[in-house]
Amino acid sequence: MSAVDWTRRTAADLADALASGEVTSVELTQAHLDRIAAVDGDATAGVHAFLHVDAEGALATARESDERRAAGNPLHPLDGVPIAVKDVVVTEGMPTTAGSKILEGWVPPYDATVVRRIKAAGLPILGKTNMDEFAMGSSTEHSAYGPTRNPWDQTRIPGGSGGGSAAAVAAYEAPLAIGTDTGGSIRQPGAVTGTVGVKPTYGAVSRYGLIALANSLDQAGPVTRTVLDAALLQELIGGHDPLDSTSVDQELPSLVDAARQGASGDLSGVRIGVVTEMSGEGWQPGVMARFQESVDLLVKAGAEVVEVSCPTFVHALATYYLILPAECSSNLAKFDAMRYGLRVVPEGNPSAEDVMKATRDAGFGDEVKRRIILGTYALSSGYYDAYYGQAQKVRTLISRDFEAAFDKVDVLVSPTAPTTAFELGEKLDDPLAMYLNDLATIPANLAGVPGISVPAGLADEDGLPVGFQVLAPALADDRCYRVGAALEALLAAEWGGPLLDKAPDLDKLDHREGDR
Amino acid sequence: MPEISRDEVAHLADLARIDLDDAELDHLAPQLAVILESVASIRGVAGDDVPPTSHPIPLTNVFREDVVTPSLTAEQALSGAPASEDGRFSVPRILGDEQ
């Protein structure tokens, strides 16, 4: 064990340490692999953030990175800094399951664009992180491989669907991770694990190679411990991709510059709107208290804060739970037991259709079945106009609410989630209660605008992390980073360090041998 | 108030090619009814004059040059198949069902 614990450093620090020759990528990568071996455990105990760990591959990449550094030719400032990737993002030669039994053991023959960019920059990929099956859920309990546990309290959920990526960075198993956010799956896990998560503008990061949940809502983005690290990662993975026809063909303002500017703590001239509809009944008092204190800090930093009403936001949840199931029922039709994944063959002389039905029943979990059936209903003739068609119209009204709000203010703010992390199992069989976790995050996906969640402190009731959300107009992701970094700096100054310093030390598990 | 019966759920599952057994139908049908009742709240929220949004960021058609680019080999494409034969996907019989 070296004197320095490299797993505690930010990615930006690690990049500096690599550049100065203070540490090698092999040392960094090994330190994180050791941490994973010590705390990650498996489905029965430990954080269980990872579904697959690729020690050999990560170390091989690290060795190549060190050779490039030694020769003075790093590919990117983050060359050699290890990263974890959510298991919904395809990785050539590395298993990809999307948390589903139907893809157990599948090894993709190609890389997602996000992964291609990570590899082209020389970052060792530590492994694939746990998630709700096909990203459907807010707790990671819908993973077919067992839940991830919140590093703050292992009897509680880490958020979802990207609980694995958030828990991995919160537990110092990785400095950086990739998440995907369809209704809050990056931001809500960030909130409940005391980490940073960003959903970029729709189309700002390529969706090529993301196993689609809902095409018009899905967005990949960074999962990190600091706002600056998130900016560095989004700049690495973002930008136009000809392989994704919905990719935005426009340069964003510098995100790293915005994060650095925000960290100065000066928000003079920034107009901030507090969303009226994201408070009140159902919002935990400890969450609202930390949120209000954060708003007060932003005022002290020079921001002008007003209340803004977005009246249609109260219909966002219902809109989302019609549009999403409709899109996912169509997307998941490709799991037909013919071209990849599981095939279950019933007895007798079954037809292709019999095989398909048996396979989809065996391979999909309850939440996936619920949403596919709901989507099939919403799209069926006689109901289409009343449900899916109406939801698409309400989606327009939600976008108009954003437009009207951004006429008055530069960013909108709210708590990221209505509550702190709840107990594992508490809402597992109550879908509607589970859906309510995404109340504050869903509007951004419907309108395609960017959002960030940064830690805002611990709730008084339970001592668990609270997230603060900043939403900006499409393509103005830099505003999320500026305001997020300002709040992060102001709160760190009050606390004397980052929020994660207050997280409990994790028990070291017995070293488990295995093929994980 | 929308209703969704157990029979309707069975029919939808059939359309979605999911072979739900009785226990699953008993479990899922009431949950779907609750979800449906909740999402039905958007009826009447938007008037006829509101255009639908299918995509959050306005886009016109996106084309690429009509040139051949590298793609998966047949071997790669078949690498995850449950069964393959002679460079093709091997599937169960597709004929012979009543419908």
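Every number in this text was worked out from the coordinates using simple rules, so none of it is lab data. Given the structure is predicted, the values throughout are model-derived calculations rather than measurements. All Cβ positions, even for glycine, are placed from backbone atoms using ideal geometry, and neighbour counts span all protein chains on display.
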- Message: Order these by the 10 Å Cβ neighbour count, fewest first: A:Trp283, A:Trp495, A:Trp152, A:Trp6.
- Response: A:Trp495, A:Trp283, A:Trp6, A:Trp152
- Query: Among the DSSP beta bridges whose two residues both lie in chain A, what percent are antiparallel, rounded to the nearest 5?
  - Reply: 65
- Item | Given charges at Cβ of Lys, Arg, Asp, Glu: chain A dipole, positive-most of A:Ala171, A:Ile118, A:Val413 | A:Ile118
- Query: So which residue, out of B:Ala29, B:Ala16, B:Ala77, gets the largest mean-square fluctuation from a GNM of chain B using Cα contacts under 10 Å as springs?
  - Reply: B:Ala77
- Message: Let me confirm one metric for peptide B:18-31, namely the mean number of other chain beta-carbon atoms within 10 Å of its residues' beta-carbons.
- Response: 4
- Would you mind giving the mean number of other chain beta-carbons within 10 Å of the Cβ of each residue in A:283-293, as a whole number? 0
- For segment B:1-43, with +1 on Lys and Arg beta carbons and -1 on Asp and Glu, the positive-most of B:Ala23, B:Ile42, B:Ala10 along the dipole: B:Ile42
- Task: Express in nm, to one decimal, how much length is gained between A:Glu56 and A:Ala352 on full extension, taking 0.36 nm for each residue of separation and deducting their alpha carbon distance.
- Result: 102.6 nm
- segment A:290-441: relative contact order from alpha carbon pairs under 8 Å, six or more residues apart, as a whole percent, is 30
- Message: Below 11 angstrom from the Cβ of A:His240, what's the summed charge of the other residues (Lys, Arg +1; Asp, Glu -1)?
- Response: -4
- For chain A, just list the percent of Cα-Cα distances falling in each 20 Å bin from zero outward, please. 25, 59, 15, 0
- What average number of partner chain Cβ atoms lie no more than 10 Å from the Cβ of the residues making up A:121-127? 0
- Task: Could you work out how far apart the two model spin labels at B:Leu15 and A:Val345 are, taking each label as a point 7 Å from the Cα in the direction of the beta carbon, and quote it in nm?
- Result: 3.2
- Item | Over segment B:1-43, relative contact order from alpha-carbon pairs under 8 Å, at least 6 apart, % | 59
- Considering Cα pairs under 8 angstrom that are at least six residues apart, work out the relative contact order of chain A and quote it in whole percent. 18
- Query: What is the spin-label model distance, in nm, from A:Asp460 to B:Arg64 if the labels are put 7 Å beyond Cα along the C-beta direction?
  - Reply: 5.7
- Note on the structure: For segment A:167-271, the dipole about the Cα centre with charges only on Cβ (Lys and Arg +1, Asp and Glu -1), to the nearest 20 debye, works out at 340
- Message: Quick check on packing: order A:155-165, A:75-85, B:41-51 by the mean number of other C-beta atoms within 10 Å, highest mean leading.
- Response: A:155-165, A:75-85, B:41-51
- Query: Mind ordering A:177-189, A:413-425 by average Cβ neighbours within 10 Å, highest first?
  - Reply: A:177-189, A:413-425
- Taking +1 at the Cβ of each Lys and Arg and -1 at the Cβ of each Asp and Glu, which of A:Pro455, A:Trp495, A:Leu471 sits farthest along the dipole of segment A:427-516 towards its positive end, judged by Cα position relative to the Cα centre? A:Leu471
- Within the under-10-Å Cβ sphere about A:Asp410, not counting A:Asp410, Lys/Arg +1 and Asp/Glu -1 give a net charge of +3
- Query: Quick one: A:Phe468, B:Phe63, fewest Cβ neighbours within 10 Å first, how do they rank?
  - Reply: B:Phe63, A:Phe468
- Calculate the spin-label point distance for A:Asp507 paired with B:Asp7, positioning each point 7 Å from the Cα along the beta-carbon direction, and give it in nanometres. 5.3
- Message: For chain B, set up a GNM with springs between Cα atoms under 10 Å and report which of B:Ser54, B:Ser79, B:Ser38 has the largest fluctuation.
- Response: B:Ser79
- Query: By per-residue mean of other Cβ atoms within 10 Å, what is the highest-first order of A:16-22, A:444-450?
  - Reply: A:444-450, A:16-22
- Item | Neighbourhood net charge (10 Å Cβ-Cβ; Lys/Arg +1, Asp/Glu -1) for A:Val275 | -3
- Could you tell me which helices of chain A pass both thresholds, a Cα extent of 24 Å or more along their own axis and a mean Kyte-Doolittle hydropathy of at least -0.5, with helices taken as whole DSSP H runs? A:477-495
- Item | Cross-link pairs A:Lys199/A:Lys508; A:Lys369/A:Lys427; A:Lys86/A:Lys427; A:Lys199/A:Lys408; A:Lys101/A:Lys128; A:Lys199/A:Lys357 - those with Cα-Cα distance over 26 Å | A:Lys199/A:Lys508; A:Lys199/A:Lys357
